[in-house]
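**Q** This is the structure I have questions about; it appears just below.
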Amino acid sequence: MSVLVDLIVMLGMLVVVPAGLRLAGAPELDRIRRLWPLFAVPGAVALWLPRGGPATILAGCYALGAVLLALHAPPRLLRKVRASAAHRTAEIALFTALVAPSVAATALVAERSGHALFGFGLGTLALTVPHFHFAGFAAALIAGLVCRVADGPAGRFAASSVPLGTLLVLIGYFIGDWTELAGAVVLTAGMWTVALLTWRTIRGSSRDRTTRMLFAVSSAVLVATMVLALSWALGEATGLPHPTLTWMAATHGLGNALGFALWSVLAWRRLQDRPEQAPPEQAPPDRPRTGRPPADPALTTSVRTDPPLTGPALTGLKDRTS
């Protein structure tokens, strides 16, 4: 199991986190995103070394980068206090995404040094690292992006339930399995809402077949993997039969890493990069032939002040879902 978990963690460190930071579109994150390989590569190497001094030092390099990333979260959240309800909720989700790698890095340093942390064994610490890269960083980031586009009660519920569920799972590590089960229920409800909104609203906005396919697969995989997470948490709390950790790593962990996190990041990146053209038969008579919607000063201002919604594709998408 350790080899598979290490490969999943490497994907989170080297691909998902830097790609996700680019999706966030926040100018203040550009520098840490460019420097991220300097922290992530030593962290990835640490995974494959025997526990001890060299592995701990390299893991500490990754922890330094994760802490620098987390330091961007509070100032950004404070700047958005007066934003709309949807944008405030999305910022809370982004706050969670920026802080989650530091939790993973703390567990990584402890595990690579061979010392238990807060009474948790090395096996639990090893599994905490991928959990807070994907259930923490990736899930919160995608939920925040969905909330910004699907501005409504469902979008706000998705973006708020992911941070809350992640926090409850973390608290459950200290309190007990029932709190962790409550976190799994909240997190599952939020991620199922993300999957539903992605399938119904965001997937259909793209004219590109590959982008639609990426969104569709990530939504379907998310539903299945969260069923597994819920069944495991329920079994731990009640003693009912449930999957083993090895089986969970090979199904829930791998599915979330590849099927949800990676494919979602790729889909959102394509949606930002590729301007979408409305079908000619649906375009109003006075719409320019470029395929772009008429300029809306309010929407333009929103795009300038909220970088994650950049590009004609996302501008048109938000316009259609509002």
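**Q** What is the percent carbon and sulfur in the accessible area of segment 1-117, measuring with a 1.4 Å probe over the protein chains and ignoring ligands?
**A** Taking all protein chains in place, segment 1-117 shows 70 percent carbon and sulfur surface.
**Q** Same structure, new question: For segment 30-57, list residues with backbone N below 18 Å from a point placed 7 Å from the Cα of Ser2 toward its Cβ?
**A** Backbone N within reach: 43-57.
**Q** Further, regarding this structure: Label Val67 and Ala220 with points 7 Å out from Cα along Cα→Cβ: what is the distance between them in nm?
**A** Going from the Val67 label point to the Ala220 one covers 4.5 nm.
**Q** Using each residue's phi in segment 7-22, evaluate 6.51 cos²θ - 1.76 cosθ + 1.60 at θ = phi - 60° and report the 3J(HN,Hα) Karplus result to the nearest Hz, with x for Gly and Pro.
**A** Coupling constants for segment 7-22: 5, 5, 5, 4, 4, x, 5, 8, 10, 5, 5, x, 5, x, 4, 5 Hz.
**Q** Moving to a separate point now. Suppose every Lys and Arg Cβ carries +1 and every Asp and Glu Cβ carries -1, with no other charges. What dipole size does segment 104-211 come out with about its Cα centre, to the nearest 20 debye?
**A** Dipole magnitude for segment 104-211 comes out near 500 debye.
**Q** Go through segment 231-263 and name the chymotrypsin sites (Phe, Trp or Tyr not before Pro) that are in a DSSP coil and have 10 or fewer other Cβ atoms within 10 Å of their Cβ.
**A** When the chymotrypsin sites (Phe, Trp or Tyr not before Pro) of segment 231-263 are filtered for loop state and at most 10 Cβ neighbours within 10 Å, nothing remains.
**Q** Next up: Just to be sure I understand the model, the point goes 7 Å from the Cα along the line to the Cβ. What's the resulting Leu49 to Ala116 distance in nm?
**A** Output for this residue pair reads 2.6 nm.
**Q** Short version: ³J(HN,Hα) in whole Hz for each residue of segment 199-208, in order, from phi by Karplus 6.51 cos²θ - 1.76 cosθ + 1.60 (θ = phi - 60°), x for Gly and Pro, what are they?
**A** In residue order, the calculated couplings are 5, 7, 10, 7, 4, x, 6, 8, 8, 8 Hz.
**Q** Roughly how many percent of the accessible protein surface of segment 166-275 is carbon and sulfur, given a 1.4 Å probe and a whole-percent answer?
**A** 68
**Q** Next question. Ignoring ligands, DNA and RNA, what accessible area per residue does segment 110-229 give at 1.4 Å, in Å²?
**A** Heavy-atom accessible area per residue stands at 38 Å².
**Q** Could you run the Karplus curve 6.51 cos²θ - 1.76 cosθ + 1.60 with θ = phi - 60° over segment 174-188 and give me ³J(HN,Hα) per residue in whole Hz, x for Gly and Pro?
**A** 9, 8, x, 5, 5, 5, 5, 5, 4, x, 5, 5, 5, 5, 5
The values are calculated or read from the model by the stated rules, or taken from the named source; none is laboratory data. Worth saying up front: this structure is predicted, and the values here are computed from it rather than measured. Cβ coordinates were reconstructed from backbone atoms using ideal geometry, including for glycine residues, and neighbour counts include every protein chain displayed. Heavy atoms of the whole protein, side chains included, go into the accessibility calculation; ligands, DNA and RNA do not. Shrake-Rupley method; radii C 1.70, N 1.55, O 1.52, S 1.80 Å.
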